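First the structure, in the form of structure tokens, and then the observations on it.
The values are calculated or read from the model by the stated rules, or taken from the named source; none is laboratory data. Being a predicted model, the structure only gives us computed values, none of them experimental. Cβ atoms come from the backbone with ideal geometry, glycine included; neighbour counts cover every protein chain shown.
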Amino acid sequence: MRARWRQTSPDDPQAVALPMSRPAILWTGAALLCLGIAGAVSVFLLAYRIGYDTIFDMPAGFGPRIAAILQEGHYYVESDGYRDYTGRPPFLPHLYALLWSWTGSIPAMLVAKNLILGGLLAACFALFCRRAMVPAGAAAAGLLLLFAIPFNAFTMLTLSYEEALLGFLIPSILALAIAERTPWDRLLLAGLLAVTYLTKSSAFLFCGTFAVALLFSARWSSPLLRTLPLLAVLATAVAWGGYSAARTGAFAVGSTSSSTNGWNLWKGNNPRFAEIYPGRHLDELAAEARTAAPQFGSEWEAHRYYTGLALDFVTEHPGQALRNTGRKLSNMLFGIRDFEFNRNRTSKVVLHTGSMLVNRALLFAALGLSLTWLLRRETSPMRRRAGGLFLLLALSYSAPFLVGFAYSRHLVPVFVSAVLVVLLAARPLDHGGSRASNGR
């Protein structure tokens, strides 16, 4: 029976990680202490600067949906004369509804949410460092980079927007995928991919392609374990699509897994895009667009209407659409000043600028290392796998934003994930037949 569950990857899965040395324990303890102090201060400051007193006032349409769950017992919200069932994927509203029912206050919710997700990422990070044999000092520095870059920390530790969850979930997935050895790793990977699919509609491409890649990234002798992540994503997509079909008559899946995707597509593909992006928020277009729009009978009518407007713009103005795409790509790779920069005070601008410079340095370092490890012949299986998976993550997660639009917060999960790749460079150098080449 044990052989049936054995992983037969080239990374020597039966190898046992060495116990942590005393310096490693001291480094880790010091880092965790600093992280705990920083986290406590951040949560306190966020709780009183978050901008709303109850979860029902949460922006971006989440507050009314959470209120519907807790106060009315259903998931839809009334929107412009029709019921909106799929405008927001279900995980964040249901998680926050549960946490609010337990805590009843924004500060307590912040602490609970960040303990749960921060604990998940810290555990996956520790597992990754232990199995990859990352030196203790590098691991401590990596732990601080995961949580302490100011803009990333603000995005992850707050409640608003899906990146407050994805900033934890996606790096956890990458850490597990690089270092997985046991069936429990595989099971957790499958669960996290399913949860990510239900967190943000634009994550569908990442979840699907990553699940397919995991078929080949580690050779499991059990067909069930080999296919488990893909089965989990497919089952989740079918379940959410079936819910949508039962309520609205439309099967929500992939790029149509949310009825707001048409609106978001149009925001990134319209005649005024270059005038507004990236210095101001594209939601400025909302009042003008909705005044000109007809009365919709359903959420999918609205989706089709705005999708049609976006496609008409691209086909009628291909040159401008191409220039807009170049503007999006430039902002994603190099952008420092966007609306999140422009709306902040001087002190925050300094922190934002510093954060973005560090983030871009991490991103380009991770991309360069990943390409080097994939192209170099004498590279350990773990590094090669990490390079391939990170490139896939960066491309598949970012591609929907290139079609639509992206601001700084959207890319935080990629920036945080880059830390893991950079840390692998701290392992012993790879040479054919060396200990490092066994992925240990």
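Laid out as a table, the results:
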item	result
Selection count where residues are crowded, with 20+ Cβ neighbours inside 10 Å and either in a helix (DSSP H, G or I) or touching a strand residue (DSSP E or B) at 6+ places or on another chain (Cβ under 6 Å) (or both), scope the range 196-216	11
Any hit, the range 36-47, residues being at negative phi, of a type outside the set (A, V, I, L, M) and modelled with pLDDT of 85 or more	no
Check on ALA289, without any contact (Cβ under 8 Å) to a residue 40 or more places away in the chain, among the small types (Gly, Ala, Ser), surrounded by 14 or more Cβ atoms within 10 Å (Cβ to Cβ) and under 18 Å from ASP80 (Cβ atoms)	yes
Residue check, ASN152 out of contact with any Pro (no Cβ under 8 Å at 6 or more places or on another chain), over 30 Å from SER298 (Cβ atoms) and at pLDDT 90 or above	yes
Selected residue (criterion: nearest to PRO400 (Cα to Cα)) from residues of the range 239-283 that are of a type in the set (D, E, K, R) and surrounded by fewer than 16 Cβ atoms within 10 Å (Cβ to Cβ)	ASP283
Test: residue in the range 302-319 that is of a type in the set (S, T, N, Q), surrounded by fewer than 16 Cβ atoms within 10 Å (Cβ to Cβ), at pLDDT 95 or above and farther than 30 Å from ARG186 by Cα	yes
Top-ranked residue of the range 404-425 - restricted to ones that are closer than 20 Å to SER255 by Cα and aromatic (Phe, Trp, Tyr), ranked as modelled with the lowest pLDDT	TYR407
Odd one out for ARG226, checked against (1) surrounded by fewer than 14 Cβ atoms within 10 Å (Cβ to Cβ); (2) in contact with a Phe, Trp or Tyr (Cβ under 7 Å, 6 or more places away or on another chain); (3) charged (D, E, K, R)	(1)
Number of positions in the range 65-75 that are surrounded by 18 or more Cβ atoms within 10 Å (Cβ to Cβ) and either within 24 Å of ALA289 (Cβ to Cβ) or charged (D, E, K, R) (or both)	1
Residue list for the range 221-265, restricted to those being in a helix (DSSP H, G or I) and touching a Ser or Thr at 6+ places or on another chain (Cβ under 7 Å)	TRP240, SER244, THR248, ASN261, GLY262, LEU265
Criterion (in contact with a Cys (Cβ under 8 Å, 6 or more places away or on another chain) and either closer than 17 Å to GLY167 by Cα or modelled with pLDDT of 90 or more (or both)) met by exactly one of LEU110, LEU144, LEU70	LEU144
Condition check for TYR75: closer than 29 Å to ALA239 by Cβ, aromatic (Phe, Trp, Tyr) and not in a helix (DSSP H, G or I)	yes
Total residues in the range 156-180, condition over 22 Å from LEU234 (Cβ atoms) and touching a Ser or Thr at 6+ places or on another chain (Cβ under 8 Å)	6
Selection status of PHE401, part of a helix (DSSP H, G or I), surrounded by fewer than 24 Cβ atoms within 10 Å (Cβ to Cβ) and at pLDDT 95 or above	yes
